[in-house]
Amino acid sequence: MASLAELPRAAAAAAPAAGPLVPRVVRVERVHRETRDTVTLALRLPPGDPALEYRPGQFDMLGPLGTGEVPISVSGGAPAAGTVEHTVRDVGGVTRLLCGLRPGDELLLRGPYGTAWDAEDGVGGDVVLVAGGIGLAPLRPALLQVLAARDRYRNVVLLYGTRTPRDLLFSRELDRLRRRRDVVLEHTADYAEAGWRGRVGVVTDLVGRAPFDPGTTLALVCGPEVMMRLTATALVDRGVPASRVRVSLERAMLCGVGLCGHCQLGPLFVCTDGPVVSWDTAAPLLVIRER
Amino acid sequence: MSADRLEVLAADDFDVLVRALAEGGREVLGPVLRDGVIAIGPVESAADLPQGWTDEQERGTYRVQPRADAAWFGYAVGPQSWKSVLFPARALLWSGAKGGVGEHGVEVSAPDRSAAARPRALLGVRSCDLAAIGIQDRVLLGRPAVDADYAARRADVIVVAVTCGFPAGTCFCASMGTGPAPRTGYDLALTELLDGEHRFLVAAGSPRGAALLAALPTRVAEDADRVAGEQLVASSVARMGRWLDVGPVPAALRGALEHPRWDDVAARCLSCGSCTLVCPTCFCTAVEETTDLVGASAARTRVWDSCFTPGFSYIHGGAVRQTTRSRYRQWLTHKMSTWVDQFGTPGCVGCGRCITWCPVGIDLTEEVGALVGAHVDEPQRQDR
Ligand SMILES: Cc1cc2nc3c(=O)[nH]c(=O)nc-3n(C[C@H](O)[C@H](O)[C@H](O)COP(=O)(O)OP(=O)(O)OC[C@H]3O[C@@H](n4cnc5c(N)ncnc54)[C@H](O)[C@@H]3O)c2cc1C
Ligand code: SF4
Ligand code: SF4
Ligand code: FES
């Protein structure tokens, strides 16, 4: 450990005094209610803010003043116009406050953190996105990235599962996608409701029939852990190499930068080595219960 | 200790060193006898050191005892490590305020870190604890995100290490390659010699240490002094209470994640977290958020956390690690296996504190022995 002797003084002198855990104050520009429990917040960021430089799949730490902060993926935005979007599902203390924000309100933000989907690795082949519930939010910027260079990919497939037919995020955008002939969109709901004529069942069931060539496919999967496990397994069973299947892991995250230790999964700091990891990395870790 | 330029400082002249360290208002911290343990506190002269005291340690027990001789550093390690100075249990991350009730204009600012950054001298750092500081440096300073409070505290520290001549029954630094003699990362290294004249071998490990040494009333070490120092190290190794053949452990633990021994240790472990609090390398933290009654101002504080707490792995829907089995496994496999993947070194330096301070006497060297002795190759597949 010879190099350690020089580390402290050099690193300590070079470190910014504030440190990575001091958030910036940002303002809510627009609020769009997606479903009964989910809203999309468009946040106005000061010019040059690093969070405008996000890569699809990365997340920010968000929190109203004095209430803690939680990791929320970037779901889109117009960085050139100075805004980023986050789509938040109200499940508890902090997310409820986030969902209650109104235009003009201020909140605290740190980021962007973590690894990205790197959808461009799929250029020249098929791209399959599989989303469960709120999991569509982190995938949306990757989908938009692919659609912005549509001719560089072969088949583009989005498989989307929600609990009920009404839990659909980004519904207007999905309507437009459904009309496109160069995108395959399949939606299924876990539970049917009166009047629902669409598919019923879990999203994993869609993998078997979807039009893609396993040998050229890059698959991006986001949803609850069981859903990702079953989906990745189905993709691998169809012949997609595990290294070409990517999932976004959720673990407790208090810092987002590798310092607090909470997000560890085996050797990974999920906040910096993830959240997006390939299935050949994730599978052996998730196989151990309570790892 | 390096063989070049070894000097001898008479015990009677030790206070010259303490005064030199304190120059310019530098805070000198070292071992002091307090509340029945050898703790860390301000040292103004040799009289503040635990002269003539030692510590007896075994699993679940710690006791200070008078020594037959007058050694000043004749003990092993107390419950506190230097983590309490460089990475204290609480550190303010930022504070913020709203312009006024109901108004906009939130402002957030980083704390004034001048008190944290106060120049310090750490006197009497054991080689295990020196290695632990090196590991915390790697974790908290050696990656893109640097811990700002630790960086401030670490920026101006003089480290005076001391060879461990009287290891405790719980010590195993020799097998971890971290002791008993300090090797790197110090400014000055001392070896206390009690044969004949009470004196200290002194070696410099940095330009700063060399400058300090040059100003001390020392003489050049003779062969007899060197031999006495080498003998002390050899007898210390021979007396080391425990041993862990660490080489194969990281890989072996990777294949032992479903070993029945985890159930066995979980039946004894209280999940109290004492082991993580006394460990000099454990770095996990939580945050505490405080607000005034109207929510107009707020502050966030980093506090030590433990992977043994129920909430540590909490995500919406429940903790990932619900059972003591999984929490103990996380702790031990992190220390001895995944830490190597993350930082290129184990997260254990063999100080033995977790063995001494475990209320039920769980001994990680024994657990590792049981786990890697007969390991289960195929992890049982999770039920679908
Ligand atoms: C990388 C990543 C990306 C995510 N992206 C999104 C997204 O785009 N949209 C979305 O709606 N949700 C997302 N989540 C999940 C979201 O972070 C949790 O729903 C949220 O933390 C729950 O907090 P809460 O206070 O509302 O819930 P509660 O269940 O009331 O949680 C109470 C407290 O537990 C702690 N806690 C709970 N979950 C976590 C966690 N994952 N990390 C750290 N602390 C936690 C917090 O201190 C929290 O305040 C993401 C999670 C991760 C790890
Ligand atoms: S794990 Fe135990 S023996 Fe190892 S450094 Fe931590 S407290 Fe010391
Ligand atoms: S091993 Fe001992 S000290 Fe550590 S949590 Fe279990 S009972 Fe507490
Ligand atoms: S979230 Fe803190 S280490 Fe990953």
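The values are calculated or read from the model by the stated rules, or taken from the named source; none is laboratory data. Keep in mind that what you see is a predicted model, and the values were worked out from it rather than measured. Positions of Cβ are generated from backbone atoms using ideal geometry, with glycine treated the same way; all protein chains shown enter the neighbour counts. Accessible surface is based on the protein model in full, side chains and every heavy atom, while ligands, DNA and RNA are left aside. Shrake-Rupley method; radii C 1.70, N 1.55, O 1.52, S 1.80 Å.
Report yes if some residue within the range A:253-271 is surrounded by fewer than 22 Cβ atoms within 10 Å (Cβ to Cβ), under 24 Å from A:Arg140 (Cβ atoms) and under 16 Å from the mean Cα position of the chain (by Cα); otherwise report no. The answer is no, given that none of the residues of the range A:253-271 is surrounded by fewer than 22 Cβ atoms within 10 Å (Cβ to Cβ), under 24 Å from A:Arg140 (Cβ atoms) and under 16 Å from the mean Cα position of the chain (by Cα).
Taken residue by residue, the range A:220-233 has no member that is outside any strand (DSSP E or B), in contact with a Lys or Arg (Cβ under 7 Å, 6 or more places away or on another chain) and open to solvent by less than 40 Å² (accessible area, probe 1.4 Å). From the list A:Gly239, A:Gly208, the one residue that fits, being more than 9 Å from chain B (Cβ to nearest Cβ), within 26 Å of A:Arg163 (Cβ to Cβ) and touching a residue at least 12 places away in the same chain (Cβ under 8 Å), is A:Gly208. Per the listing A:Ser248, A:Ser243, the residue uniquely among the polar types (S, T, N, Q), touching a Ser or Thr at 6+ places or on another chain (Cβ under 7 Å), open to solvent by 10 Å² or more (accessible area, probe 1.4 Å) and away from ligand 3 (no atom under 16 Å from the Cβ) is A:Ser243.
Residues in the range A:254-273 that are within 19 Å of B:Ala319 (Cβ to Cβ), outside any strand (DSSP E or B) and of a type outside the set (Val, Ile, Thr): A:Leu254, A:Cys255, A:Cys260, A:Gly261, A:His262, A:Cys263, A:Gly266, A:Cys271. B:Arg325 falls short on exactly one of the conditions (1) more than 8 Å from chain A (Cβ to nearest Cβ); (2) touching a helix residue (DSSP H, G or I) at 6+ places or on another chain (Cβ under 6 Å); (3) assigned to a helix (DSSP H, G or I), and that condition is (1).
Consider the range A:92-105 and keep the residues that are without any contact (Cβ under 8 Å) to a residue 40 or more places away in the chain and more than 16 Å from ligand 4 (Cβ to nearest atom). The one that is nearest to the other protein chains (Cβ to nearest Cβ) is A:Gly92.
For the range A:40-51, the criterion of being modelled with pLDDT of 95 or more, closer than 19 Å to A:Leu168 by Cα, within 14 Å of chain B (Cβ to nearest Cβ) and surrounded by 19 or more Cβ atoms within 10 Å (Cβ to Cβ) is met by no residue.
Which of the residues belonging to the range A:243-272 are charged (D, E, K, R) and at the interface with chain B (Cβ under 9 Å from one of its Cβ atoms)? Of everything in the range A:243-272, those that are charged (D, E, K, R) and at the interface with chain B (Cβ under 9 Å from one of its Cβ atoms) turn out to be A:Glu250, A:Arg251.
Residue-by-condition table, conditions (1) modelled with pLDDT of 95 or more; (2) β-branched (Val, Ile, Thr); (3) out of contact with any Asp or Glu (no Cβ under 7 Å at 6 or more places or on another chain):
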| residue | (1), (2), (3) |
| --- | --- |
| B:Ala110 | no, no, yes |
| B:Leu123 | yes, no, yes |
| B:Val146 | yes, yes, yes |
| B:Tyr186 | yes, no, yes |
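The set of residues in the range A:236-252 that are of a type in the set (D, E, K, R) and more than 14 Å from the chain's Cα centre (by Cα) comprises A:Asp237, A:Arg238, A:Arg244.
When the residues of the range B:271-291 are narrowed to those that are away from every other protein chain (no Cβ under 12 Å) and open to solvent by 40 Å² or more (accessible area, probe 1.4 Å), which ends up nearest to ligand 2 (Cβ to nearest atom)? Applying the filter and picking the extreme gives B:Leu277. Only one of the listed residues (A:Arg209, A:Arg246, A:Arg251) is at pLDDT below 95, in the same structural domain as A:Ala189 (by TED's automatic domain parsing) and not in a helix (DSSP H, G or I). That residue is A:Arg209.
Of all residues in the range B:338-347, those satisfying the criterion of being within 25 Å of B:Ala181 (Cα to Cα) and either part of a helix (DSSP H, G or I) or touching a Cys at 6+ places or on another chain (Cβ under 8 Å) (or both) are B:Trp339, B:Val340, B:Phe343, B:Gly347. Annotation: of all residues in the range B:140-191 being crowded, with 23+ Cβ neighbours inside 10 Å and polar (S, T, N, Q), the one that is nearest to B:Ala110 (Cα to Cα) is B:Thr178. Every condition in (1) over 16 Å from the mean Cα position of the chain (by Cα); (2) within 7 Å of chain A (Cβ to nearest Cβ); (3) buried (at least 18 other Cβ atoms within 10 Å of the Cβ) holds for B:Gly295 except the one numbered (3). Does the range A:124-138 include one or more residues that are modelled with pLDDT under 95, under 21 Å from B:His316 (Cβ atoms), within 13 Å of chain B (Cβ to nearest Cβ) and open to solvent by 10 Å² or more (accessible area, probe 1.4 Å)? The answer is no, given that none of the residues of the range A:124-138 is modelled with pLDDT under 95, under 21 Å from B:His316 (Cβ atoms), within 13 Å of chain B (Cβ to nearest Cβ) and open to solvent by 10 Å² or more (accessible area, probe 1.4 Å). Here B:Leu86 does not fit the description of being farther than 19 Å from A:Pro20 by Cβ and either among the hydrophobic types (A, V, I, L, M, F, W, C) or more than 10 Å from every other protein chain (Cβ to nearest Cβ) (or both). Pull up the range B:259-270, narrow it to residues that are crowded, with 18+ Cβ neighbours inside 10 Å and either in a loop (DSSP other than H, G, I, E, B) or within 16 Å of ligand 1 (Cβ to nearest atom) (or both), then point me to the one that is nearest to the other protein chains (Cβ to nearest Cβ). The extreme case among them is B:His259. If you check A:Val31, A:Val88, A:Val74, A:Val70 for being open to solvent by 10 Å² or more (accessible area, probe 1.4 Å), closer than 23 Å to A:His262 by Cα and either modelled with pLDDT of 95 or more or in contact with a Phe, Trp or Tyr (Cβ under 6 Å, 6 or more places away or on another chain) (or both), only one passes: A:Val70.
Across the range B:120-133, the number of residues qualifying as without any contact (Cβ under 8 Å) to a residue 60 or more places away in the chain and open to solvent by less than 10 Å² (accessible area, probe 1.4 Å) comes to 1. B:Cys307 passes every criterion in (1) part of a helix (DSSP H, G or I); (2) within 16 Å of ligand 3 (Cβ to nearest atom); (3) within 11 Å of chain A (Cβ to nearest Cβ) apart from (1). Remark: pairs (first residue in the range B:340-356, within 14 Å of chain A (Cβ to nearest Cβ) and open to solvent by 10 Å² or more (accessible area, probe 1.4 Å); second residue among the charged types (D, E, K, R) and within 16 Å of ligand 4 (Cβ to nearest atom); Cβ separation under 6 Å; 6+ apart in sequence or on different chains) = B:Phe343/B:Arg138.
Residues in the range B:312-331 that are crowded, with 23+ Cβ neighbours inside 10 Å and in contact (Cβ under 8 Å) with a residue 60 or more places away in the chain: 2 in all. Summed over the range B:341-373, the residues that are away from ligand 3 (no atom under 11 Å from the Cβ) and closer than 19 Å to B:Leu270 by Cα give a count of 4.
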